[in-house]
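The values are calculated or read from the model by the stated rules, or taken from the named source; none is laboratory data. Computed from a prediction, not measured in an experiment: that's the story for all the values here. Don't worry about glycine lacking a Cβ; one is built from the backbone with ideal geometry, like all the others, and counts go over all protein chains shown.
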Amino acid sequence: MVMKEVIWMSAEDLLRAYRRKKLSPLEVTRTLLDRVEAVNPKIKAVVTLNAEEAIKRAKKSEKAYVQGGKVGKLEGIPLGIKDLVYTKGIRTTFGSLLFKDFIPEEDAVLVERIKREGGIILGKTNTPELGLIPVTDNRLFGPTRNPWNTERTSGGSSGGSAAGVASGFFPFAEGSDGGGSIRLPSALCGVFGLKPTFGRVPNYPHLPGWETLAHEGPIARRVEDAALLLDIMAGYDSRDRHSLPDAGYSFRRAMRGKIKGLKLAFSPDLGYAPAVDPEVRDLTRKAAAAFGELGCRVEEVKLDLPNMEPDLLIQVISETVTSTENRLEEWKELAFPLYLPFLGLINTIKPQDLIRVQFRREELWNKVRRVFESFDLLLCPTTAVPAFPLQPPGPMGPTVIDGKPVSPVSWICFTFPFNLTGQPAGSIPCGLNAEGLPVGLQLVGRMYDEVIILRAAAAFQEAHPWPFPKSI
């Protein structure tokens, strides 16, 4: 096979080719390492390359296939791991100068599981410092650029993973999501991203912070590959007190069901979005309606969810500043410039404010759960805008959308509510705007029901295949 064919193959296609001896893990790994070497300088998705160990692991996988030995469920598949995740023996910086030389002595649970099934860690992917903002930029590595237009942001905080997948570096990657950090970059980079139910994938060890918001999940070019990776990462582990019991089924197998007859609600604004780009609104409305052609009942609904942006800010600032309090003065000297105005806000937050956040989360949940008394899925835009221009060191987002003044983080208003509720949610590519930039449609499911999201996303993928930026 020629190099370009290998670059864009799915994980499942690679596994089939390995079993039939049409490809070897070693040649695929070398091909993808060459791809990273050629394209990564333009994108900066991978910040620590694990080339030597990846080649060594690929040789081991190749031997297993040749000799007919035991092979894992991911045997010989290269992938990226976000630089917020502990990887034993591989530099893990959290995108921060505070941790620029940190090399963990243990793997995160999800990394243990990926390695056990034969996955090959090609490298660590870029993230904003401590994963705090929705654009991927930091003082250590600089910005990750969007492969559709390198003058635009990749989103964040899993921007390195999403841009790497979209650039043909690996068929899938791990991401984490505390307010949209899997779904936002997936939407802006034109790939599929799934935030599972809170606790579905164990999160240990990890830096303190995001204690009730952070979800680990897959980013992939194909929905079935995301389900495959979720199968490996998910499941109970006592080291994470929030981790859920095993689902008792394979997500990959369960997603094969039909979606005919499902009831889907579409909201263009969730009842509170201050402004949405007209092309984003039109493309997502059209994509939602397309589920009607697949046998679903689609209804546009009016919602009145509370705007939780201030609540998210209070919780994230409180947890982050407290988790770094022993090195706070040092961090102020090293921090990404956009963070400095927020660090001082900790002095304005009272204990009562934190308690009110929990009350407001309950209010949000009571309104969201009622939607799912009548509908199987809630659809809405993933982001309020397509990828916007990169102007390092920032901005976090546009301050004007559709002619209306907005806060710099209002463009993420569709994603963070479902971190506060803990529900599963995914983003599928649903078209390109007039500038040729991807737009994402968010699919939100009932608590614990990732399968219905995967099933619907796969049906849409089959009916409306999405492109990749192969010009880079």
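Values computed for the structure shown
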read-out: Test: Val28 is among the hydrophobic types (A, V, I, L, M, F, W, C), surrounded by fewer than 21 Cβ atoms within 10 Å (Cβ to Cβ) and closer than 23 Å to Lys470 by Cβ; value: no
read-out: The stretch 137-172, residues that are in a strand (DSSP E or B), closer than 24 Å to Leu97 by Cβ and of a type outside the set (Ser, Thr, Tyr); value: Arg145
read-out: Within the stretch 327-362, considering residues that are more than 22 Å from Val409 (Cα to Cα) and in contact (Cβ under 8 Å) with a residue 40 or more places away in the chain, the one surrounded by the most Cβ atoms within 10 Å (Cβ to Cβ); value: Trp331
read-out: Test for Gly142: is it surrounded by fewer than 24 Cβ atoms within 10 Å (Cβ to Cβ) and in contact with a His (Cβ under 9 Å, 6 or more places away or on another chain); value: no
read-out: Answer residue from the stretch 411-444, given it is small (Gly, Ala, Ser) and more than 19 Å from Ser154 (Cβ to Cβ) and is nearest to the chain's Cα centre (by Cα) among those; value: Ala425
read-out: Looking only at the stretch 365-380, and only at residues there that are within 23 Å of the chain's Cα centre (by Cα) and closer than 17 Å to Met308 by Cβ, the one that is surrounded by the most Cβ atoms within 10 Å (Cβ to Cβ); value: Cys380
read-out: Top-ranked residue in the stretch 385-400 [being closer than 22 Å to Gly193 by Cβ and of a type in the set (A, V, I, L, M); ranked as modelled with the lowest pLDDT]; value: Met396
read-out: Check on Asp353, at pLDDT 95 or above, farther than 19 Å from Gly179 by Cβ and charged (D, E, K, R); value: no
read-out: Options Glu216, Glu224; residue that is crowded, with 19+ Cβ neighbours inside 10 Å, in contact (Cβ under 8 Å) with a residue 24 or more places away in the chain and within 23 Å of Ala288 (Cα to Cα); value: Glu224
read-out: Subset of the stretch 104-163 (residues that are of a type in the set (Lys, Arg) and within 23 Å of Asp240 (Cβ to Cβ)); value: Arg113, Lys115, Arg116, Lys124
read-out: The stretch 192-206, residues that are under 19 Å from Thr382 (Cβ atoms), hydrophobic (A, V, I, L, M, F, W, C) and part of a loop (DSSP other than H, G, I, E, B); value: Phe198
read-out: Check on Leu338, under 24 Å from the mean Cα position of the chain (by Cα), at pLDDT 95 or above and under 28 Å from Lys404 (Cα atoms); value: no
read-out: Boolean, Ser158 is surrounded by 24 or more Cβ atoms within 10 Å (Cβ to Cβ), of a type in the set (S, T, N, Q) and more than 17 Å from Pro78 (Cα to Cα); value: yes
read-out: The listed residue being aliphatic (A, V, I, L, M), closer than 21 Å to Asp177 by Cβ and touching a residue at least 24 places away in the same chain (Cβ under 8 Å), out of Leu262, Leu312; value: Leu312
read-out: The lone exception for Phe170 - which of (1) farther than 28 Å from Glu329 by Cβ; (2) surrounded by fewer than 19 Cβ atoms within 10 Å (Cβ to Cβ) it fails; value: (2)
read-out: Test: residue in the stretch 209-222 that is under 19 Å from the mean Cα position of the chain (by Cα) and assigned to a helix (DSSP H, G or I); value: no
read-out: The stretch 21-34, residues that are assigned to a helix (DSSP H, G or I), under 14 Å from Pro171 (Cβ atoms) and not polar (S, T, N, Q); value: Pro25, Val28, Leu32
read-out: Among the residues listed as Leu188, Leu262, Leu207, the single one being surrounded by fewer than 22 Cβ atoms within 10 Å (Cβ to Cβ), among the hydrophobic types (A, V, I, L, M, F, W, C) and touching a Ser or Thr at 6+ places or on another chain (Cβ under 8 Å); value: Leu207
read-out: Pair list, Cβ under 9 Å, 6 or more apart: the stretch 2-20 residue farther than 18 Å from Glu174 by Cβ, other residue at pLDDT below 95 and not β-branched (Val, Ile, Thr); value: Lys4/Lys470; Ile7/Lys470; Trp8/Phe468; Trp8/Lys470; Met9/Met1; Ala17/Met1
read-out: Failed criterion for Asp304 (all others in (1) surrounded by fewer than 16 Cβ atoms within 10 Å (Cβ to Cβ); (2) free of Cβ contacts under 8 Å to residues at least 40 places away in the same chain; (3) closer than 21 Å to Val444 by Cβ hold); value: (2)
read-out: Strands (runs of 3 or more DSSP E) completely within the stretch 38-136 that count 1 or more residues being surrounded by fewer than 21 Cβ atoms within 10 Å (Cβ to Cβ); value: 46-49
